[in-house]
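Enquirer: Sharing a structure below in structure tokens format, with a few things to ask.
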Amino acid sequence: SKLAALFKHPLYNIPIPEVTEKDKLFVVNPMEKFSLHSSGSDEWVSSSKAETLLPTGKTAYDTYPAWLKFHVGINRYELYPRRDPVMPTLLRDLATQRIVSSVQKSGGTQLKLIMTFPNYGQALFKPMKQSRDQETPIDFFYFSDFERHNAEIAAFHLDRILDFRRIPPVSGRLVNITKEIRDITTDKKLAKTFFTSPAGNVCFYGECSYYCSTEHALCGKPDQLEGSMATLLPDKTLAKRRSWRSPWRRSYHKSKKAEWELNPNYCTQVRETPPYDRGHRLLDLIDMTVLDFLMGNMDRHHYETFEKFGNDTFLLHLDNGRGFGTHSRDEPSILAPLQQCCSIKKSTYLRLQLLATQPYRLSDLLQEALATDPLAPILAEAHLQALDRRLGKVLVAVERCLAR
């Protein structure tokens, strides 16, 4: 296994600082219990008064469901540890646990569902919209592109191989539209959008600002539908998150350009603006830039952090569905933060160099990681080859910076 060898490499065993109580997202309180919110929301809240609850503190850690162990393990330095014993169980739960509730997630441009399991775990379901070998049409704007379920799965594994570990765990799953969505949903708006197509397939389209119409309906075969299941982060009532607008955000306008596209010295003003004027925030953002360039994701307008940890913490790489849309062309503008700032973490650069060598070739590692997913193969071969090509371009960009 190339993956096993990679994770044994010294570059993947750089210790994180000692985690103190204040560095943990949650300090388990024996008196505190968790319950589903009673107000009709599907999010988690804590409640000391609820009944039929999943207790935490008074119950042995070993008895926690995998999703709760994942939440309890989050700290200032990482979303999950490198050799996380919980990960295989958590990914298996996402793929196999019985679904007891399916409702549409509000907001966003495209249809997503929140699914709940009997152990109170929850996942974000993004349904399949196009086949593995379809490329984003060349005339599509990045902001009207489809979100791809296989991109979410591949992004999680790529993020882990790069040793960022900032994307919540994702697994592929084959869902029965009839039994696991239509028959159990309490979402009246969603329920109204189900129909049977002329071919006899069960379809639905939900409500959203893009691609939610009968012309863009999601149809099963006859009711089986692929999708990605992403572990939900702790509810914001328990762990507040702060959303940050990316300084290299695109204009989201058909003809206007953003300031960073017009000003080659743009990074100078970013470096003088909090939180990029101190600490490792700018370097973390450049890590995210590298991830996005490798995936071809142009849609990184925001990122999030856990509020508890202030500015001294990792960035959450959420919403990666617009990655892996094209393999035949690369988007050099994604690398603007790296090229304009000429900065990168030494550890990231050394790992990227390692992933360009034959024993640890990035495409081989990702292919091995994705082979374990229930929906494998996840990426077409051309996307894997594009990864190696793009990795070479990242290294060239760093070498040019070093030469300067």
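Enquirer: I'm told SER363 meets every condition in (1) open to solvent by 20 Å² or more (accessible area, probe 1.4 Å); (2) in a helix (DSSP H, G or I) except one. Can you identify the failing condition by its number?
Expert: Among (1) open to solvent by 20 Å² or more (accessible area, probe 1.4 Å); (2) in a helix (DSSP H, G or I), the lone unmet condition for SER363 is (1).
Enquirer: Looking only at the range 165-174, decide whether some residue is open to solvent by 10 Å² or more (accessible area, probe 1.4 Å), touching a Ser or Thr at 6+ places or on another chain (Cβ under 7 Å) and not in a loop (DSSP other than H, G, I, E, B).
Expert: no
Enquirer: Still on this structure, please answer the following. Suppose we keep only residues that are among the small types (Gly, Ala, Ser) and either assigned to a loop (DSSP other than H, G, I, E, B) or open to solvent by 40 Å² or more (accessible area, probe 1.4 Å) (or both) within the range 211-232. Which one would you say is nearest to GLY323 (Cα to Cα)?
Expert: Only one residue fits best here, namely ALA217.
Enquirer: Kindly list, by first and then second residue, each pair from a residue in the range 154-171 that is more than 19 Å from LEU285 (Cβ to Cβ) and of a type in the set (A, V, I, L, M) to a residue that is open to solvent by 10 Å² or more (accessible area, probe 1.4 Å) and part of a loop (DSSP other than H, G, I, E, B), limited to pairs with Cβ atoms under 7 Å and residues at least 6 apart or on different chains.
Expert: What qualifies is ALA154/LEU379.
Enquirer: Pairs needed: first member in the range 389-400, within 12 Å of TYR349 (Cβ to Cβ); second member anywhere, open to solvent by less than 90 Å² (accessible area, probe 1.4 Å) and among the β-branched types (Val, Ile, Thr); C-beta distance under 8 Å; at least 6 residues apart or different chains.
Expert: Listed pairs, sorted by first residue: VAL394/VAL290; VAL398/ILE344.
Enquirer: Might you check whether a residue that is under 20 Å from ARG322 (Cβ atoms), in contact with a Phe, Trp or Tyr (Cβ under 7 Å, 6 or more places away or on another chain), open to solvent by 10 Å² or more (accessible area, probe 1.4 Å) and not aromatic (Phe, Trp, Tyr) occurs anywhere in the range 107-120?
Expert: So far as the range 107-120 goes, yes, one or more of its residues are under 20 Å from ARG322 (Cβ atoms), in contact with a Phe, Trp or Tyr (Cβ under 7 Å, 6 or more places away or on another chain), open to solvent by 10 Å² or more (accessible area, probe 1.4 Å) and not aromatic (Phe, Trp, Tyr).
Enquirer: Of (1) at pLDDT 95 or above; (2) buried (at least 16 other Cβ atoms within 10 Å of the Cβ), GLY323 satisfies all except one. Which?
Expert: (1)
Enquirer: Then there's this: Quick check, is LEU384 farther than 19 Å from ILE14 by Cβ and surrounded by 18 or more Cβ atoms within 10 Å (Cβ to Cβ)? If you could, list the steps in order and put the result at the bottom.
Expert: On the way: farther than 19 Å from ILE14 by Cβ: yes; surrounded by 18 or more Cβ atoms within 10 Å (Cβ to Cβ): yes.
Criteria met by LEU384.
Enquirer: Of (1) open to solvent by less than 20 Å² (accessible area, probe 1.4 Å); (2) in contact (Cβ under 8 Å) with a residue 60 or more places away in the chain; (3) not in a loop (DSSP other than H, G, I, E, B), GLU368 satisfies all except one. Which?
Expert: Unmet for GLU368, out of (1) open to solvent by less than 20 Å² (accessible area, probe 1.4 Å); (2) in contact (Cβ under 8 Å) with a residue 60 or more places away in the chain; (3) not in a loop (DSSP other than H, G, I, E, B): (1).
Enquirer: Filter the range 333-348 down to residues that are surrounded by 17 or more Cβ atoms within 10 Å (Cβ to Cβ), within 16 Å of ILE14 (Cβ to Cβ) and not β-branched (Val, Ile, Thr), then give me how many there are.
Expert: Result for the range 333-348: 0.
Enquirer: Restricting to the range 181-210, give me the number of residues that are touching a residue at least 40 places away in the same chain (Cβ under 8 Å), open to solvent by less than 40 Å² (accessible area, probe 1.4 Å) and outside any loop (DSSP other than H, G, I, E, B).
Expert: Residues meeting the conditions: 2.
Enquirer: Which one of these does ARG300 not meet: (1) in contact (Cβ under 8 Å) with a residue 40 or more places away in the chain; (2) in a helix (DSSP H, G or I)?
Expert: For ARG300, the failing item is (2).
Enquirer: Test ARG351 against the stated conditions and say whether it is in a helix (DSSP H, G or I) and open to solvent by 50 Å² or more (accessible area, probe 1.4 Å).
Expert: In short, no.
Enquirer: How many residues does the range 371-381 contain that are open to solvent by less than 50 Å² (accessible area, probe 1.4 Å) and more than 19 Å from the chain's Cα centre (by Cα)?
Expert: The qualifying residues number 1.
Here is a yes/no grid of residues against (1) outside any loop (DSSP other than H, G, I, E, B); (2) surrounded by 11 or more Cβ atoms within 10 Å (Cβ to Cβ):
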| residue | (1), (2) |
| --- | --- |
| TYR252 | no, yes |
| SER255 | no, no |
| GLU261 | yes, yes |
| PRO264 | no, yes |
| ASP277 | no, yes |
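The values are calculated or read from the model by the stated rules, or taken from the named source; none is laboratory data. Just so you know, these numbers come straight off a predicted model, no measurement behind them. Counting neighbours? That spans all protein chains shown, and the Cβs are built from the backbone with ideal geometry, glycine included. Surface accessibility is based on the protein's heavy atoms, side chains included, excluding ligands, DNA and RNA. Shrake-Rupley method; radii C 1.70, N 1.55, O 1.52, S 1.80 Å.
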